[in-house]
Each structure stands twice: as structure tokens, then as C-alpha cells.
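Only one structure is covered here, and it is reproduced in the block below.
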Amino acid sequence: SGVLWPMPITLDVSEAFAEDIRAGQSIALRDQEGVILAILDVSDIWTPDKEREAEKVFGSTDQAHPAVDYLFNRAGNVYVGGKIRGLEPPTFYDFKLLRDTPSELRGRFRKLGWRKVVAFQTRNPLHRAHQELTFRAAREVDAILLIQPVVGLTKPGDIDHFTRVRCYEHVLEQYPEQTTTLSLLNLAMRMAGPREALWHALIRKNYGCTHFIVGRDHAGPGNDSNGNPFYGPYDAQDLFKEHEDEMGISMVPFKMMVYVENKAEYMPADATGPQDKVLNLSGTEFRRRLREGLDIPEWFSYPKVVEELRHAYPPKDKQGFTVFFTGLSGSGKSTVANALMVKLMEEGSRPVTLLDGDVVRKNLSSELTFSKEHRDLNIQRIGYVASEITKNGGIAICAPIAPYSATRRQVREMISPLGGFLEVHVSTPIEICEARDRKGLYAKARAGLIKGFTGIDDPYEVPENPELDINTGELSADLAAHRVLLTLEKMGYIK
Ligand code: PPS
């Protein structure tokens, strides 16, 4: 239509779903619980050219870009378009008082007589530099400041919004009264840099803002697979300038703010001189210090914000972790796992749960057989329980056979983002396991009474890079458990 709109909002569906619908039909758009939020009267069904979409919207087809990755690997291959009839807005149970519709926010501005409002977009916790930047921006254009953080999908690995909102509330105390307000924006970010900046600004216009802050590297996705940034640091400002006339909202461009030690204040980077001592703490370094429980200087952030973040992202010795034993039947997994459990209980820093192969088979997986499919399902269940324990700061010790590498890798990938993961290969040779034959199962397998027994007529894929390798033919259970403890200590999970 010629209306300026930088971001396609598409409904992607699977090919199978698309087969079943025709233009002219209506489909229900539901939330995760199945509540119908809107009806889409389908007028178009088409297969998009994703390469072209990626190139045009994100300026790249490199899958290191999170939105390109989403488009290519997660979005369905067919798009459906048409008129939407809204039935009810999505329900949120968190921070209800901080969520506003565009008309609610416009109403608030009107009621308070705020004619000029400058919006600040963010997906990160705010520190002193942000406070300085936003406050200066508001003063520059003589406007009220709206901090409007995104609480929907942001960049993978970002700090969760519950923690961020608690941080924003602390930072709000730092502004003079009646100058600043906070409202949350439920948006799925695309990290599309320049186009995203225009999109963010148009959304803010709809919320009643007159100005929008665009800083350095707005909505930047980080580096591409060659290590180069996807967009130039001020590309977003340039694109905004190009379209400012038709935007209906003005840009307040901002250069990066830095702390100048000799002046004991923040300044825009381009306003510092050669005699100035500029202090810098990168996001990566900040996260490292947080993770290691190291000092974070007062010039960088506010003590209450740091405390909030430390609480949400404790150092390793306060995080949960999983010790995942894998090995043949009779290799000694359970014995070492039990010895480890009591040692960790003695240490007492966190609650410990043992998910032993046999015990899980009795309580969690009683209907499963030893087929490949069922073994995988069994390990996925164990991984899921361990991931929940790890996420909540506990210790999970798992001791199944877990014969397949791919499934073990899945478990590792599921747990690693939530806490520690230590894979221990109990590599006791099969001859020793068979000679022990504590349950008489090897004898039965040899006699053909049990089919598909691991190591006899069923595979065991040896782990390639376990954190630890233990052979209980050479090491007692007690010493083996001690070695696990030492490894955990080395990794930083116990003190
Ligand atoms: S798996 O492959 O990870 O799902 O196996 P797991 O749940 O750890 O169960 C292993 C225990 O079940 C007994 N058992 C068998 N193991 C291997 N193959 C076959 N066919 C089989 N049938 C029964 C065996 O006692 C295993 O216990 P552990 O403690 O490993 O000796």
C-alpha cells in the first residue's frame, strides 16, 4: 500500500496444516492453553521465498542471525494471510500493572498532560550509563521519559524478564519524580538492527510517544559467522534519518555513553578528550564477573540492580548441576553414584536426587522396554527431571546405561544452559562387568534368555568427550566418587 512498515508480521504454518485449509475459510488463533484470541479469515496461502525475505528484512542469510535461524529452521514453510478479528487480548499473569495497551498508555499521557514523551527501548537490565543516556535524551527534547522494555521473545541467552523488571523498578528510583514512567511491551524481537529501529519507533508512536531514542547498535544481533557485525553501529540512525519525515515520530539519536574517571561522570563517547580516562566494562566482562561472584564497580551499576542480578545468576558454587554416569550394566555406575550422593549430602550445599537406572525404570519408565526408541525415551525423561532439578539449584545424579551418543548429547544441551553438567563414563571393561554379573543378567543374555542386552547383542556407543572416565576395575567406588568430587571442585561447582 506504500505505507511505511519495515517488518513483515507473518503467520507461518506447516505444509501439512496448509494442505487442509483453503482461502475463504476461517481459522482460530489460540494461545498455548487453547483459548481462542482471534479468528483469521484466510485470503492468501503461499510458500514464501525465505532467502529473499531474509536478505530484504535482515540484510543477510547467515544463520548466525537469530531471526534468520528462526526463519530457516523453525518457522513453518507456508504463510497464511488474511483479516484478523480479535476476540480477546492474551492473558498475562505477571506484572499486570505494568502492561498497557496503546490506548491505555495514550490515556495516561493525556490525563497527566504529557504532550511530549520520549520512549526508550531495551531488552537488557539498565545500568548507570543507560540512566544517564535516557535522562539526557529526555532533557534534550524537554519530554517525559517512557522506559518501555520488551518482555516477549528477545535475543537467545538474554536475562529473563522477571529479573529485568525487578531491576527496572530499582533504576526508576534514580530519576527525579514525575519525569519517568515504565511500561512493558510484549513483542517478539527480530534483532533486525536498522529496520527493527524503525519498527520499534512506529510501535512507540502508536503508544502515544513523540520521540524515540536510537543509540549505538540498536537491536543488534551480534556478529555473523565470520566474526563481523551484521550492521554498522549507527546504521539504524541513518535509516531513521532517511525516513524521519514519514515516520510521524522523531528520533533522538545518541552516541555511546562512557564513564570518565577524571571527571567522575558519564559523557557521550564523542565528547571526551585525549586527556580523559575512560573506563569501560563490556557486557561479556560484566557477565563473567557476575558468574564468578567478582566485584562490580559502583560507577558501572546500582547496588540494588547488581544484587538482583547476582541473586538470579548465582556463581557456579551456588548453581545446580547434574552428574550423568553412563556405562554398561554392572560397570559400577550405581555404586559410585551412591557413594557420590552421600559425599554430596555430607557437603550439604544443595539437595541431592539420585536417578538410578533401575529405580527410574521402576518409578518413571515402568512401561518402557529396551528397544532403541524406549531407551531414548527413558534417557529423555531422566534428562528432563535432571534439568528441572538443576534449574532449581539442586544436584541430580543420573546413572542409566544411556548407550546412545545423540541422546546423551541432547541431555547435555538441555541441562548446560541451566547449570553444570558433568558426564562420567564408567568404562569398566565388559569382561569385568560380565565376570561380576551381580544380577545374573549377562548369563541370561548369553543363554539367549534376554534379547538386546547392552554389550552382548545391543550397542553401547562409547562417549567421546566425557568430563571424566572411571574404570571401577581399577578404582574403588569410594575413590571413584572422590575423583568426581575433585572434578566438580575444579569446575567450580563445589568449594
Ligand atoms: S537404558 O538403556 O539407559 O535405558 O537402560 P537403563 O534404564 O539404565 O536400565 C538398565 C538396567 O536394566 C537392566 N536390563 C537391561 N540392561 C540392558 N539391556 C537390557 N536388555 C536389559 N534388560 C534389563 C539392567 O539390570 C540394567 O541395570 P544396571 O544398573 O545398568 O546394571
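The values are calculated or read from the model by the stated rules, or taken from the named source; none is laboratory data. Since the model is a prediction, treat every value here as computed from it, not as a measurement. Backbone-built Cβ (ideal geometry, glycine too); neighbour counts: all protein chains shown. Just so you know, the surface numbers come from the protein's heavy atoms only, side chains and all, with ligands and any DNA or RNA stripped out. Shrake-Rupley method; radii C 1.70, N 1.55, O 1.52, S 1.80 Å.
In this structure, does residue 408 turn out to be away from the ligand (no atom under 13 Å from the Cβ) and either surrounded by 20 or more Cβ atoms within 10 Å (Cβ to Cβ) or not in a loop (DSSP other than H, G, I, E, B) (or both)?
Here the answer is no, as residue 408 does not meet what is asked.
For region 327-395, give me every one of the helices (runs of 4 or more DSSP H) that falls completely inside it and has 1 or more residues that are closer than 23 Å to residue 418 by Cβ, touching a residue at least 24 places away in the same chain (Cβ under 8 Å) and more than 10 Å from the ligand (Cβ to nearest atom).
Helices (runs of 4 or more DSSP H) meeting the threshold: 333-347, 372-391.
Strands (runs of 3 or more DSSP E) wholly in region 41-158 with at least 3 residues that are open to solvent by 20 Å² or more (accessible area, probe 1.4 Å) - which ones?
Hits in region 41-158: 78-86.
I'm trying to understand the selection: among the residues of region 300-326, which are open to solvent by less than 10 Å² (accessible area, probe 1.4 Å), more than 10 Å from the ligand (Cβ to nearest atom) and among the β-branched types (Val, Ile, Thr)?
The answer is 305, 322, 323.
Failed condition for residue 68, given (1) touching a Phe, Trp or Tyr at 6+ places or on another chain (Cβ under 7 Å); (2) touching a residue at least 24 places away in the same chain (Cβ under 8 Å), with all others met?
Answer for residue 68: the failing condition is (2).
Going through region 13-59 one residue at a time, which ones are in contact (Cβ under 8 Å) with a residue 40 or more places away in the chain and at positive phi?
59
Residue by residue, here is whether (1) open to solvent by less than 60 Å² (accessible area, probe 1.4 Å); (2) hydroxyl-bearing (Ser, Thr, Tyr); (3) touching an Asp or Glu at 6+ places or on another chain (Cβ under 8 Å); (4) touching a residue at least 40 places away in the same chain (Cβ under 8 Å) holds:
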| site | (1), (2), (3), (4) |
| --- | --- |
| 426 | yes, no, no, yes |
| 430 | yes, no, no, yes |
| 445 | yes, no, yes, no |
| 449 | no, no, no, no |
| 458 | yes, no, no, yes |
| 464 | no, no, no, yes |
| 468 | yes, no, yes, yes |
| 472 | yes, yes, no, yes |
| 488 | yes, no, no, yes |
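(1) open to solvent by 70 Å² or more (accessible area, probe 1.4 Å); (2) of a type outside the set (A, V, I, L, M, F, W, C); (3) at pLDDT below 95: which one isn't true of residue 351, the others all being true?
Of the numbered conditions (1) open to solvent by 70 Å² or more (accessible area, probe 1.4 Å); (2) of a type outside the set (A, V, I, L, M, F, W, C); (3) at pLDDT below 95, the odd one out for residue 351 is (3).
Return the residue satisfying two criteria in turn: it lies in region 396-405 and is closer than 13 Å to residue 326 by Cβ and of a type in the set (A, V, I, L, M, F, W, C), and of such residues it is farthest from the ligand (Cβ to nearest atom).
397
Does residue 230 meet the test of being modelled with pLDDT under 95 and either open to solvent by 60 Å² or more (accessible area, probe 1.4 Å) or of a type in the set (A, V, I, L, M, F, W, C) (or both)?
no
Can you tell me how many residues in region 1-40 are small (Gly, Ala, Ser) and either over 30 Å from the mean Cα position of the chain (by Cα) or surrounded by 15 or more Cβ atoms within 10 Å (Cβ to Cβ) (or both)?
7
Suppose the filter is assigned to a helix (DSSP H, G or I), more than 13 Å from the ligand (Cβ to nearest atom), more than 18 Å from residue 341 (Cα to Cα) and not hydroxyl-bearing (Ser, Thr, Tyr); does residue 474 pass it?
Here the answer is no, as residue 474 does not meet what is asked.
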